[in-house]
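Following: one structure in structure tokens, then a few remarks.
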Amino acid sequence: MSHFDFDAYTPAEMAVRVETAGCGKAALDCTSMFVLAALAGAFIALGAIFYTFVVHDPALGIVTGRLLGGLVFCLGLILVVVGGAELFTGNNLIVMAYAHHKITISQLLRNWGIVYIGNFAGALFMVALVYFSGHWAIDGLAAKVVMIANHKVNLSFSEALVRGILCNILVCLAIWLCYAGHSVTDKILAILFPITAFVALGFEHSVANMYFIPAGLLLADDANVLMPAMQSAGQAIDVSGLNVYGFLVNNLLPVTIGNMIGGGLFVGVVYWFIYLRRTE
């Protein structure tokens with residue numbers, strides 16, 4: 001029987017574990033990688049669905065609503081980490097294995113490309129399921145879906161980029177902390193605070209937006225949805241920017257770039273430099 005250690009892995013040990021995991025992720029066959037990525041997109045979408053349901057209640061107030069919303073959004077990453085799935089934002093940490101010459105640039109880009117597309121497919125699948133489920137018929141919920149999506153597509157390029165950087169610093173730190181633990185409980189606790197923080201603070205996650213914005217796009221032309229949204233906002237709402245161009249170019253492009261910088265550079269490369277650089 002193997003010895004179970006209650007002490008957390010040290011940061012130096014965590015760096016080796018992240019690198020080893022990165023090598024394994026890069027070596028996955030394309031089919032497995034895509035299916036695992038689709039699962040991750042669906043899992044993150046489930047967290048986004050839970051978040052939207054919680055924050056649509058105006059009685060909570062901004063701070064309480066965002067805090068509770070961030071807490072329930074953690075469901076998505078918990079399912080990814082514990083259940084096993086391939087998430088683009090978390091996989092930005094594979095850059096540690098690349099920087100240490102354990103995988104090639106083609107393996108790195110292959111993983112990111114397949115996982116990104118798979119995440120997108122999984123998130124869109126959940127949009128379709130929720131749409132046909134009638135879930136958005138809950139009083140005021142559809143209006144909140146549109147308001148969330150509209151806010152995201154109206155961020156400036158620089159705002160979306162920097163919010164993407166800040167988001168994935170926290171997401172990859174959550175993943176990093178998971179490598180310190182031995183148990184499922186350790187991993188869940190490691191996820192809660194960083195993920196709650198990024199959601200509550202309004203930072204931008206590319207995979208979550210693959211659910212949030214298409215969901216809003218489906219409802220943006222419905223007058224029965226827009227009227228409650230305007231009443232909730234206390235003013236007219238311009239949804240002219242809530243379209244496919246606004247989704248892909250105004251939001252998803254800068255947020256994705258920001259996520260890569262935040263997770264790959266500010267977390268992955270930094271920890272490689274500290275703990276793995278001298279072990280080459």
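Across the stretch 189-221, the residues whose backbone nitrogen lies under 14 Å from the label position 7 Å along the beta-carbon direction of Val63 are 201.
Translational diffusion of the chain, estimated by Stokes-Einstein from the Kirkwood radius over alpha carbon pairs at 37 °C in a medium of 0.692 mPa s, is 171 µm² per second. Straight Cα distances below 19 angstrom link Lys25 to the aspartates and glutamates Glu13, Glu86, with same-chain residues fewer than 8 positions distant left out. Shape verdict for the stretch 1-151, please, from the Cα gyration tensor: rounded (a/c under 1.5), prolate (a/b greater than b/c) or oblate. Prolate shape, in that a/c is at least 1.5 and a/b is the bigger ratio.
Highest GNM mean-square fluctuation among Val35, Val184, Val72, for the chain modelled with Cα contacts below 10 Å: Val184.
Annotation: aspartates and glutamates with alpha-carbon distance below 12 angstrom to Lys144 (same-chain offsets under eight excluded): Asp57. A Förster distance of 51 Å, applied to the separation of the beta-carbon atoms of Asp221 and Leu109, puts the FRET efficiency at 0.85. Look at the Cα gyration tensor of the stretch 147-221: its axes a ≥ b ≥ c give a/c of at least 1.5 with a/b over b/c, and that counts as prolate. A Förster radius of 30 Å combined with the Cβ-Cβ distance from Ile257 to Asp29 puts the calculated FRET efficiency at roughly 0.60.
Any read-out appearing in this document is the output of simple, stated calculations on the displayed coordinates, not a laboratory observation. On a predicted model such as this, the values are computed, not experimentally measured, just so you know. Neighbour counts run over all protein chains shown; Cβ positions are idealised from the backbone, glycine included.
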